Each structure stands twice: as structure tokens, then as C-alpha cells.
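Q: This structure is in C-alpha cells; I'll ask about it shortly.
Just so it is clear, none of the values below were taken in a lab; they were calculated from the coordinates. None of the values given here were measured: they were computed from a predicted structure. Cβ atoms come from the backbone with ideal geometry, glycine included; neighbour counts cover every protein chain shown.
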Amino acid sequence: MGSFIHPGYLPSPVIQQIEVNTDKDDPNTSTSNPDFHFLPSRSVSIFGGQVVAQAILAAHATIDPALDIHSIHCSFIDKTDPKLALIYRVSNVRTGNTIANRLVNVFQHTRLVFMAMMSFHRFEKEPVLKHNRGLPNNFPPFEIMSPVKRSNYYQMIFQDGLKENEEVLLAALEVKHLMPNPTALHTELAKLKYFFKETPNVPLAGAGLNKTYRFFEESLRSGSLAKVVAGAPSTTSKIIYQYIKVNGELPESRAYHTAAFAFASDAFSSQLPAVLVLNKDLLWITSLDHTIYFHKPVNPCDWLAVENIVSVADAGRSLVEMRYWDKDGELVATVMQEGLFRGKKKAKL
């Protein structure tokens, strides 16, 4: 795997979270560094996205660099101790010219804590079939999104004022979102409408004004503001729109790009059902499984548009579907996560 970082660029803080030490004598065995394990608040286990990302790098150490991962199916088996190293054992299920499969079992001592089945493929430059569900026309613009932290979602759910341990995520990721029924957005739009109505001859925004102001001004003058408001999710919507990116620069390696993407894909997903289907009796949340389909090479250091859909929350479980589009409007990845929820009357797993 390459490790080149362009001169003058800052390496991404996520790198130390996702890297593993691969045994030189046995590339099928890799080990994590407990010093860099991330233990989120409200959790007794290592951050799931970190385990998924490290499993990807462990598997890539056994794969022809010309092959790229196109799918990963993960199961979180048991809780993990952040003070102990994770041992990644890679099994070569199949290696072909254009397709390869790897099974990664993760242990702490002799205890199996995680499993992942990965498929690799040589991406075709001239595919026989070509179709891509582009970014929807009604996807909310970047300019109307608000910055959000993981702790914001947790406080929507629990409202307990607990200080979250989120320094790792704040350093590694930048996220903006638009919630259903964005009251604050509509309030600001109303203010801007009134301002331009009262001052119709105000000059067009120049370079000295911020991008968001210029966006709203141009929208108001062109008449497209109504479309922006109409596209905002309603109170009954079970969709959260986001833009997300990994901070800093990653090594010039597809393996690192997909691993960093996997890390980011788990940062906000498990909380979404509880954010959209609030219940004051909820006690805790955890992930059961995590699946990623990579449709095209993805660079997580660029802003990615994300549509998060809560398909179902019932029987103590939930399913979230997440679609990611790149800056060119191409669908680059689809993520599915099944979560487990417990109320105060059923606290044990």
C-alpha cells in the first residue's frame, strides 16, 4: 500500500485510526494498535467504523493492488475491549484474475468479535452496461446545510447533557446536515425575503460577502428560492440529508480511500433511527451489521452528498440506507446498516 502524502499537505488524522500492523512473515495476520483505539461515549466497545476500516486494510494486504473492493458485509459479533489489540485473520476464499474474495475474522485473544466478507474486482474501464442514479435534482444545496456533530444527534435522543468523547471524530471528519422540519432555515429565509423586499436596490453580493449569503441572494433574485424551501424535508420525513468529508490528505492508495470512507460511514448512522423516531424510554443503541457497496472509486477527502433513509424501526431493530454521491453527482457508494435498540425495561444484550 502506498503511503505518499503530497508535500505541503497535512495527513488526515483518520490515518492513525485505521492503520494496522501487518505481519511481514504472515500477511494474512494484522494487528491494531490499542493506543489509537477510539471508544465513543455511551459505548463499551471500540468504534465500529474503526474496526471495519482496519479490516479493509488487513484484507488489502493480501490482494493484488490492481483489484479494488466492491462490497463488504460486516457482522459485529461481540463487544471489544479498547485496551486490547485486535487481531485480524484473513482467509483467502478465492483469488481469480478479476475477482477475489476474503473473509476477515477479528479476535481479541481467542474470542471472535467481528467478521467481514469482502469482494474485490478489477473495475472495468469500458463496462458493457452503464447506468448511474445521479444526485437527485431536489437534493438540498450545500449552502443551506448546518454543521453537525455526533453529540448533537445524541442530545436529540437522550437530552441528558452528557459531554461526548468526540475529539477523534471532530478531527477526522467534517459534516453538515439538514434535518426534517428545519425551522431555523425557514426563519432565516423569511428574514432574507423581508430584507430584499424592503431594500430592492441593494447591489448584488460581491466577493467580500460570504458564500451562503450570495447563494440566498441569487436564489431570491432568480426566483429559485421557492424550490429550495420546497425541497426541505417535512416533519414526517424519515430522511436526513448530509454532506461529509474526511479532513486532511490520505495516501495515494485506493485501500486507504475505501478504509477511510468506511470509517466515516459508521460515524453518524446508528443514531439516525432514534433521531427521527424519538422515544424518551430509549436506553442504548448499537450496530448489528454494516454493508457497503462501492460502485466507483471514491475519494472521501472531497465533499460527498449523503441521503440517509430510515426504512424501518421495529422489533428492537432498525435499517438505515445511505447513498453517497461525489462532486460530479455520481452515485459512488451505498451503505446499509442494521441497528439494535434497547429500552430502559430491556437493558441487557
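Q: Distance from the Cα centre of segment 251-317 to that of segment 103-118, in angstrom?
A: One Cα centre to the other: 20 Å.
Q: Continuing with the same structure: Could you please rank HIS295, HIS37, placing first whichever residue has the fewest other Cβ atoms within 10 Å of its Cβ? Don't skip to the answer; put the middle values down first.
A: Working: HIS295 17, HIS37 22.
Ascending number of Cβ neighbours within 10 Å: HIS295, HIS37.
Q: Place the peptides 302-314, 282-294 in order of packing, highest mean first, counting for every residue the other Cβ atoms within 10 Å and averaging per peptide. Don't skip to the answer; put the middle values down first.
A: Values: 302-314: 17.4, 282-294: 19.3.
Per-residue mean Cβ counts within 10 Å order the peptides as 282-294, 302-314.
Q: How do ILE144, ILE239, ILE99, ILE18 rank when sorted from fewest to most other Cβ atoms within 10 Å of their own Cβ?
A: Values: ILE144 21, ILE239 16, ILE99 13, ILE18 26.
Ordered from fewest to most neighbouring Cβ atoms within 10 Å, ILE144, ILE239, ILE99, ILE18 come out as ILE99, ILE239, ILE144, ILE18.
Q: Karplus couplings for segment 83-92 from phi (6.51 cos²θ - 1.76 cosθ + 1.60, θ = phi - 60°), rounded to Hz, Gly and Pro as x?
A: 7, 10, 5, 9, 9, 9, 10, 9, 9, 7
Q: If you count, for each residue, the other Cβ atoms within 10 Å and average over each peptide, how do 259-272, 321-334, 82-95 line up from highest to lowest? Let's see the in-between values first.
A: Details: 259-272: 25.9, 321-334: 18.1, 82-95: 16.6.
In descending order of packing, they fall as 259-272, 321-334, 82-95.
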